[in-house]
Amino acid sequence: MAATATTPSWQPQEQGFKEICALLEQQISHSSSADKSQIWNQIQQYSNLPDFNNYLVFIFTRAQGISVEVRQAAGLYLKNNMKNVYNLMQPEYQQYVKSELLPCLGAADKHIRSTTGTIISVVVQTGGISRWPELLQALVTCLDSTDLNHMEGAMDALSKICEDVPQILDSDVPGLAERPINIFLPRLFRFFQSPHATLRKLSLGSVNQYIMLMPSALYLSMDQYLQGLFILANDPTAEVRKLVCAAFVQLIEVRPSVLEPHLRNVIEYMLQVNKDPDEEVALESCEFWSAYCDAQMPPENLREFLPRLIPILLSNMAYADDDESLIEAEEEGSQPDRDQDLKPRFHVSRFHGSDEVEDDAKLSTVGDDGWKEREAAVLALGAIGEGCINGLYPHLPEIVAFLIPLLDDKFPLIRSISCWTVSRFSKFIIQGIGHAKGYEQFDNVLMGLLRRILDDNKRVQEAACSAFATLEEEAAEELSPRLEIILKHLMVAFGKYQRRNLRIVYDAVGTLAEAVGGELNQPVYLDILMPPLIEKWQQLSNSDKDLFPLLECFTSIAHALGTGFTPFAEPVFRSFLGVACDFICHPVTARVKCVVLFQANPAAAGAQYDKEFIVCSLDLLSGLAEGLGSGVESLVSQCSLRDLLLHCCTDDAPDVRQSAFALLGDLARETFHNLILLNACLNVNWVCVVHLHPRLSEILELAAKQLEISKVHAAISVANNACWAIGELAVKVRQEISPFVLSVISCLVPILQHAEGLNKSLIENSAITLGRLAWVCPDLVSPHMEHFMQPWCTALSMIRDDVEKEDAFRGLCAMVKANPSGALSSLVYMCKAIASWHEIRSEDLHNEVCQVLHGYKQMLRNGAWDQCMSALEPPIKEKLSKYQAVPQAFKVSFDGVSYQKCTVKWLSAFGNA
């Protein structure tokens, strides 16, 4: 089939030509009974021939007696091939394809012209423009032609190049005295005044592609460009007017200064096209106002136009009579959701770290005929609720009072938008609770939203639940007196809602639990809340993704109830174990084999291995551990979690590893919290020995590997949780972590030394974990402290006061006692870290810090200590003064230290600094 490639003009073989044409015809035929996949495979076989693309371009450009549809199909195949294999083609075949395409720029059929432009753009993207000088000349020749087909063909190709690779025309081309953009820009401007709408549209669209890049050629021609925009502003073609609007929007975003002399005219034009009969033009023009505000243009330039702008915007906000949303808004709550109604939902892995007159006129509209305007006015109030809060504040009592009756309006869309708008003023509503009228208004809003939660309309249900969740976050414990009635309404919604809105109820319940916390832990409330939740759980299959929001809801409840969740923990835990094929509580070795089988061959395993179920399962366990504290021990003891954790810590999916290390840390922190004193006495960590000890070294090794710098950048959230878990385990297993201390330290130090651009939580956890390792193994860590004291102390000074910071400073004190000279060169940084405390609540730690400072004061003689203090800012020295007094029992010196050598060493370090 292959033709001779050495001849100046390649020619196809007749048989190959006919076979490919026949395959293309069958491929695009709707009436053909041939197997499309078989045809596709045959075409792919032909594509292995070196001159296959020559056949395609020949059929596309020259085939006589072949339909346009077949020729176009050949062209589209050619386009796709050029993306993948152009640079692998023989140079003579590349040249053949390019030479055949150029004459088709002026083809009589517009489909052929358009496909030609598409292929040319792909070739330019792949091979560049410098190796195709004939193209530039052909485009210029066609653009300067008087033949419409040639002008449109060239303009179509050029517009696609400008859209796909605009920068390529603004680059130097060997052999050209100027850049291509300088050649084409005057011609594009000339087409602004063409009598042909297609040329006006394509030329304007092409120039618009360069606004963001703003090449010097366009910047120097800005006056001509603006003049062209004003000429096209009232173009009879809607697509051109839309492009004019887009140009003004981009210009005010990128170069607002060029519009300033013409700003009044531009604003007047935008006001005009905001009312354009073409909806797409009107919509594009609306972008101008937000772009104007984002560009931080002087607000006074816009203020005088507001009386005209606001009514236009409000009228555009009202629903049109034929809007599909009007039909959707009438959907009753009893009608089951279709699968396509359910938006995809993804679980997020657990992470440890740190003018109104116009509105009044609309609102006062009465009667059924004016409901769309009233809805638009309520929407507008909500939209300006944050940005204009200062101006609205004096009127908020009246505004909220006006909105409350609208919650019960006859029209569903008014009820739903009123829910949203009321929620925008939640902060103000809660602030007013302190006085009688304010509390009454809060209660009216609360009861109004609860009524709407039980609305029969799906859209109103959704809006009411979302609004109530917003109110919950602001109100927090203020909801406590109304907890019973709130829970009763939410539980009725459980039995009433369809799948989509049920997910929002879960979120509302979870938010409620987080808002009121322990107030929920009363029998009367739990009897209302828990049975329907557990019943709903039991109704769901283990493969149902509706489990995710329900699991998250349970996690929030467990955290809020704490030990009060214990009566429900076992049935919830048991039900949960059925998720993902008894992922937790079956003999874990069997479960791990099942998971491995899933990964190797999902079909053979008989089920789909879904990472999201595993992530959500791990996170629920973390929530239970955090909520139940040591009470989770009775649940953990019934299943061998260590094997599960070990497997999940090696999973390919970062989300699974992230949640696994979070669970590991939560188990270490919460399960052992109440056993620390007992374990200290007996020198035994019961829970750790029983459950984690057999695989502890493997788990710690896996956690340490996550801190390697390459893995940190690849999955920073995994590294963060692994780092935190190592620290939590260190303070529980103490000396048992010693085999891993140096490997972990070697990973933590680079993180602290190169903190720029890394996650703040990772930096904090790295500093805390390093301190905890130093606390439990000071003899191992202290010899290396000179290498990390400065970045470590800098990180410690940024951490807020809490128990974890206390642990880190215990490590600091332990290291200094073991190797006091190791901190000398960083003594100023250490003092700043100590001064970062607002208050050290632990008396023992406070005394240890005092002892450390006292030791250095005794060590640094001959004025060296005073010189160190002089390097500190006055506020820091004032804070350090709290640690000057050392109880007699704690007055000890750093034994075995040469005062003279340490003084000389510190002075040397200070001089270098």
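Tabulated results
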{"item": "Part-to-part distance (alpha-carbon centres) for the range 454-515 and the range 132-172, which is given in Å", "result": "59"}
{"item": "Using a Förster distance of 41 Å, the FRET efficiency for D35-A714 (Cβ separation, nearest 0.05)", "result": "0.40"}
{"item": "Shape of the range 448-516, Cα gyration tensor, a/c cut at 1.5", "result": "prolate"}
{"item": "Full-extension gain in nm, Q224 to S99, via 0.36 nm per residue minus C-alpha separation", "result": "41.5 nm"}
{"item": "Sorted peptide list for 837-845, 214-222, 711-719, criterion being average Cβ within 10 angstrom, highest first", "result": "711-719, 214-222, 837-845"}
{"item": "Prolate/oblate/rounded call for the range 43-159, Cα gyration tensor, a/c under 1.5 rounded", "result": "oblate"}
{"item": "Reachable aspartates and glutamates from K83, criterion Cα separation under 15 angstrom, eight or more residues apart if same chain", "result": "D164"}
{"item": "Estimated vicinal HN-Hα couplings, Hz - the range 110-121 in sequence order (Karplus 6.51, -1.76, 1.60; Gly, Pro = x)", "result": "5, 5, 5, 4, 5, 5, 4, x, 5, 5, 4, 4"}
{"item": "From phi via Karplus (6.51, -1.76, 1.60), per-residue ³J(HN,Hα) for the range 455-466 in Hz, x at Gly/Pro", "result": "4, 7, 9, 4, 5, 5, 4, 4, 5, 5, 4, 5"}
{"item": "Accessible carbon and sulfur surface of the range 728-892 relative to its total accessible area, %, 1.4 Å", "result": "50"}
{"item": "The range 394-500 - accessible surface per residue (Å², probe 1.4 Å)", "result": "40"}
{"item": "Protection proxy ranking of 301-312, 412-423 - average other beta-carbon atoms within 10 Å, highest first", "result": "412-423, 301-312"}
{"item": "Distance-filtered residues of the range 507-539 - backbone nitrogen under 13 Å, label point 7 angstrom along K488 Cα→Cβ", "result": "525, 528-529"}
{"item": "Note, ³J(HN,Hα) from phi for the range 734-743, Karplus 6.51, -1.76, 1.60, rounded to Hz, x at Gly and Pro", "result": "6, 5, 5, 8, 4, x, 10, 4, 5, 5"}
{"item": "Charge dipole magnitude, Cβ of K and R +1, D and E -1 - the range 54-172, Cα centre, debye nearest 20", "result": "400"}
{"item": "Two-site FRET efficiency, D278 against R451, from Cβ-Cβ distance with R₀ of 45 Å, rounded to 0.05", "result": "0.60"}
{"item": "Highest-first arrangement of 202-212, 725-735, where packing means the average Cβ count within 10 Å", "result": "725-735, 202-212"}
{"item": "Greater than 30 Å apart at Cα, pairs in K36/K611; K732/K817; K611/K805; K160/K242", "result": "K36/K611; K611/K805"}
{"item": "Candidate lysines for bridging to K496, where Cα separation is under 28 Å - those fewer than 8 sequence places away on the same chain excluded", "result": "K343, K410, K458, K488, K536, K545"}
{"item": "Cross-link pairs beyond the 30 Å C-alpha cut-off, checked among K711/K832; K427/K882; K18/K201; K711/K879; K760/K857; K372/K427", "result": "K711/K832; K427/K882; K18/K201; K711/K879; K760/K857"}
{"item": "Sulfur and carbon atoms: percent of accessible area, the range 381-469 [1.4 Å]", "result": "58"}
{"item": "Distance cut-off 22 Å, percentage of C-alpha pairs in the range 394-500 lying past it", "result": "25"}
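The values are calculated or read from the model by the stated rules, or taken from the named source; none is laboratory data. Keep in mind the model is a prediction, meaning the values are calculated, not measured. So basically every Cβ, Gly included, is an ideal-geometry build from the backbone, and we count neighbours across all protein chains shown. Surface accessibility is based on the protein's heavy atoms, side chains included, excluding ligands, DNA and RNA. Shrake-Rupley method; radii C 1.70, N 1.55, O 1.52, S 1.80 Å.
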